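Reading through the structure tokens given below for one structure.
Any read-out appearing in this document is the output of simple, stated calculations on the displayed coordinates, not a laboratory observation. Since the structure is predicted, the reported quantities are computational estimates derived from the model, not experimental observations. Heads up, the Cβs are rebuilt from the backbone with ideal geometry, glycines too, and the neighbour counts pull from every protein chain shown.
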Amino acid sequence: MNSTLDISQNRMLLWLMAIACGLCAGANYYCQPLIYSIQQSFNVPLSQVALTVTFAQISYALGLLFIVPMGDIVNKTKFIPLLMIGAAIGLGICAFAVNLPMLWIGTIIAGLFSVAAQVLIPLVTLSVHPDKTGEAVGFLMSGLLVGILLSTSLSGLFSNLWHWNVIYIFSSVLMLILAVLLKHHLPKVSIRHISYGEVFASMGQLLLKERRLVFRSIIGGCVFAAMSILFSTIAMLLTAPPFSLPDVWVGALTLVGVFGALSAQWTGKLADRGYNPLLTWTGCGILTFSWLLLYWGGHSLISYTFGYALISLGLAIVHSCNQNIIFKLNAEARSRINSIYMTMYFIGGACGSALGVYAWHHGGWPAACMAGAALVLVASAFVVVDQRYRAAQAAV
């Protein structure tokens, strides 16, 4: 711990950080239940509007790769609020977009700078006692995952009550307020005096040296790609027959995933106590079963709802386990480690979104479900590789 203050007992600050994580991450998902509303507003092909989700995740991945590593070499207390202001500007552009390209530009700007959440998470690991790291990270991850889920439900609700752009106005203003609050309350931690070029060189060294970082990044990328298939197809499935749900109900259905997202905190606690291998396999098992329920959910809203709840739970468990492992690899490079991991995570998400749309257009809902299940199986294969590597290292 590098800060002069252990913030694990400062619940107000932890809540502010968790809310900021949720708002930043959720900013990239507002458009998912709004695809048809935006399409009607701009009178463009539905497939072009669906690309907005992919642009959001690609820009977020670029921010993770090029912006988040700076968290190890700059003053995070100033850096995080600046990033949030940039995200607020992007959201403002989305709010007042007059055509689809303008919405894309705002989405890209918001995606690049909403990586503030991924600078906050390494900051909290440096601001609590080591035995509280998993719990603190889990608390912020719960905020992040709940933010993603609430973003879709709130955007659907706001669209139904007023207009699809109201959620962007609301979140832009809230982002600015949180930026000001965090500017005055974030803890100060030590800064490494190295150049930006050296940061990237060291990231290459981390990839070569820390094999578990590579394995866990691939696992994270695969499971989030599977989840993103669900994200990118939810509106196309539920707004069409036999369901024909309005935006508000599409968004509201995602609330069932909140309970799974909240599991990240207790997962972090259990991982701190040595249950990481068991938890990882539990998460993969839940993800596999969830895709079976989701497949049946093509004709049953009840099955789809249970599948959605379980896939959110499985994702939260695996993701929390991954971060519990990688943040213990090198305490001085946590922003860079998180950058590598989360870049792979959201590249997986972007690929999953594109794969979901492709599978939908070529094989419908069954093809999307098969693609999601296949990605979970790939992740499970790398869990085996990771655990064998860990056992081999322990035997040396």
It is to be established whether one or more residues within segment 184-195 are assigned to a helix (DSSP H, G or I), more than 23 Å from the chain's Cα centre (by Cα) and closer than 17 Å to ASN322 by Cα. no
Do you know which of the residues in segment 289-303 that are of a type in the set (Ser, Thr, Tyr) and in contact (Cβ under 8 Å) with a residue 24 or more places away in the chain is nearest to GLY363 (Cα to Cα)? TYR295
List pairs: first residue in segment 8-33 and in contact (Cβ under 8 Å) with a residue 24 or more places away in the chain and within 14 Å of ILE169 (Cα to Cα), second residue of a type in the set (D, E, K, R) and in a loop (DSSP other than H, G, I, E, B) anywhere in the structure, Cβ distance under 8 angstrom, at least six positions apart or on different chains. none
Taking segment 47-95 and the residues there that are hydroxyl-bearing (Ser, Thr, Tyr) and more than 30 Å from PRO187 (Cα to Cα), the one that is surrounded by the fewest Cβ atoms within 10 Å (Cβ to Cβ) would be SER47
Among the residues of segment 321-336, is there at least one that is part of a helix (DSSP H, G or I), more than 21 Å from the chain's Cα centre (by Cα) and closer than 20 Å to SER127 by Cβ? yes
Single residue of segment 143-168 satisfying the filter (over 21 Å from ILE317 (Cα atoms) and in contact with a Leu (Cβ under 8 Å, 6 or more places away or on another chain)) that is surrounded by the most Cβ atoms within 10 Å (Cβ to Cβ): SER155
Can you tell which of ALA252, ALA225, ALA235 is farther than 22 Å from LEU140 by Cβ, surrounded by fewer than 24 Cβ atoms within 10 Å (Cβ to Cβ) and in contact (Cβ under 8 Å) with a residue 24 or more places away in the chain? ALA252
Against the conditions (1) buried (at least 22 other Cβ atoms within 10 Å of the Cβ); (2) hydrophobic (A, V, I, L, M, F, W, C); (3) outside any helix (DSSP H, G or I), where does LEU245 fall short? Just the number, please. (1)
Out of (1) over 29 Å from TRP104 (Cα atoms); (2) in contact with a Pro (Cβ under 6 Å, 6 or more places away or on another chain), the odd one out for GLY156 is which? (1)
Would you call LEU310 in contact with a Phe, Trp or Tyr (Cβ under 8 Å, 6 or more places away or on another chain) and in a helix (DSSP H, G or I)? yes
Checking GLY283 against (1) small (Gly, Ala, Ser); (2) surrounded by fewer than 21 Cβ atoms within 10 Å (Cβ to Cβ); (3) assigned to a helix (DSSP H, G or I); (4) in contact (Cβ under 8 Å) with a residue 12 or more places away in the chain, which test does it fail? (2)
